[in-house]
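Student: Handing you a structure now.
What follows draws every value from the coordinates through simple rules; no lab data is involved. What you are looking at is a predicted structure, and each value in this text was computed from that prediction instead of being measured. Here the Cβ positions follow ideal geometry from the backbone for every residue, glycine too, while neighbour counts run over all protein chains shown.
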Amino acid sequence: ALPYDLAGVRVVISAGGTREPLDPVRFLGNRSSGKQGFALARAAAQRGATVTVVAGSTAEPGDPAGVEIIRVTTAEELSDEMTKRAAEADVVIMAAAVADFRPVSVADAKIKKGAEGPAPIELTTNPDILRGLVESRDAGRIPADTVIVGFAAETGDETGGVLDHGRAKFARKGCDLLVVNAVGDGKAFGTEDNTGWLLSSSGTETALPLGSKTLMASRILDEVRALVPDGDRT
Ligand code: C5P
């Protein structure tokens, strides 16, 4: 049986991928399925948490039961929702695959082939939501004891590259926990199973053995729970 150890804890989770429109019918997107974010939402709800999911595009047949779902499309919409909701959360988990860049402008009408061949797509940088949440906490805009969890989807070889990239990212982002996954070659995005490492700000690095995204979710929530102040649990 699952522990009922997140009763009264408010958890906000981003899930799925963002889509950045180019014109009314086209977008820049990614292969995130939302499976890991939804698995976290289900597991947290089963452990008694009050869960809100802010979801971009997902490839899951059903929404997780017993959680509030808010749908967004772009990174900027996701940023707005997460910033608003983080102020009322005990735990914020950024499991979404956020587009780092978006087209500078969105065409009003479908872009035509044209006689000159393809036109270049000019891009601009999206806000780093995770980094922004940590900065908000540092600045006192969200409570100092809010637990902030990030994900790092990295390509590289199984042994060195992925974990090294993850460690560097952890140092840059300043969150409390970072879930490091290998992606590419059919790994992690859209799959049933997941594997990786869990890095914590106390310096621990826990290998997460290959297993279902549900199992991964419960391992992540075990570490999250240990970071939630006792006063937030009822
Ligand atoms: O920098 P990178 O995209 O690899 O970082 C991954 C982590 O940062 C994930 O937790 C993702 O949700 C978050 N992220 C974000 N805003 C972005 C890009 C990534 O919050 N613009």
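Student: Student exercise: in the chain, how many lysine pairs 8 or more apart or on different chains have Cα atoms under 21 Å apart?
Tutor: 5
Student: Here is a follow-up. On alpha carbon coordinates alone, what is the Rg over Rh value for the stretch 128-234, Rh being the Kirkwood radius? List each step's numbers first, then the result.
Tutor: Working: Rg = 14.4 Å, Rh = 14.6 Å.
When Rh is taken as the Kirkwood radius, the ratio is 0.99.
Student: List the residues, sorted by chain then number, that are 5 or more residues from Gly196 or on another chain and whose placed amide H is less than 5 Å from its amide H.
Tutor: Answer set, sorted by chain and number: Leu208.
Student: Taking amide H atoms as placed 1.01 Å from N in the peptide plane, list the residues 5 or more away in sequence, or in a different chain, whose amide H sits under 5 Å from that of Ile148.
Tutor: For Ile148, the qualifying residues are Val92, Asp176, Leu177.
Student: Through the Karplus equation 6.51 cos²θ - 1.76 cosθ + 1.60, θ set to phi - 60°, convert the phi angles of the stretch 83-97 into ³J(HN,Hα) values in whole Hz; use x for Gly and Pro.
Tutor: Karplus values, whole Hz, x for Gly and Pro: 5, 5, 6, 4, 5, 10, 10, 8, 9, 10, 10, 9, 8, 6, 8.
Student: Let me ask another. Apply 1/(1 + (r/R0)^6) to the Cβ-Cβ distance of Leu28 and Asp193, taking R0 = 30 Å, and write down the FRET efficiency to the nearest 0.05.
Tutor: Numbers: r = 27 Å, r/R0 = 0.91.
With R0 = 30 Å, the Cβ-Cβ based efficiency is 0.65.
Student: Can I ask one more? Peptides 122-135, 208-221, 4-17: what's the order by average Cβ count within 10 Å, highest mean first?
Tutor: Going from most to least packed, we get 4-17, 208-221, 122-135.
Student: Two-decimal Rg/Rh of the chain from alpha-carbon positions, Kirkwood Rh?
Tutor: 0.99
Student: Pairing the Cα long axis of helix 213-227 with the longest principal axis of the chain, what angle in degrees results, from 0 to 90 and rounded to the nearest 10?
Tutor: 60 degrees
Student: Right, something else. Based on the Kirkwood radius over alpha-carbon pairs, what is the Stokes-Einstein translational diffusion coefficient of the stretch 51-94 at 10 °C with 1.306 mPa s viscosity, in µm²/s? Write out the running numbers ahead of the final one.
Tutor: Values: Rh = 11.2 Å.
Reported coefficient: 142 µm²/s.
Student: Which angle between 0 and 90 degrees, to the nearest 10, do you get for helix 161-173 versus the longest principal axis of the chain when only C-alpha atoms count?
Tutor: The angle comes out near 80 degrees.
Student: Please state the relative contact order of the chain as a whole percent: Cα pairs under 8 Å, 6+ residues apart?
Tutor: Computed value for the chain: 21 percent relative contact order.
Student: Further question: If each residue of separation counts as 0.36 nm, what is the full-extension length gain between Ala109 and Asp145 once their alpha-carbon separation is subtracted?
Tutor: 8.3 nm
Student: Counting only residues 5 or more places away or on other chains, whose amide H sits under 5 Å from the amide H of Phe189 once H atoms are built in the peptide plane?
Tutor: Gly184
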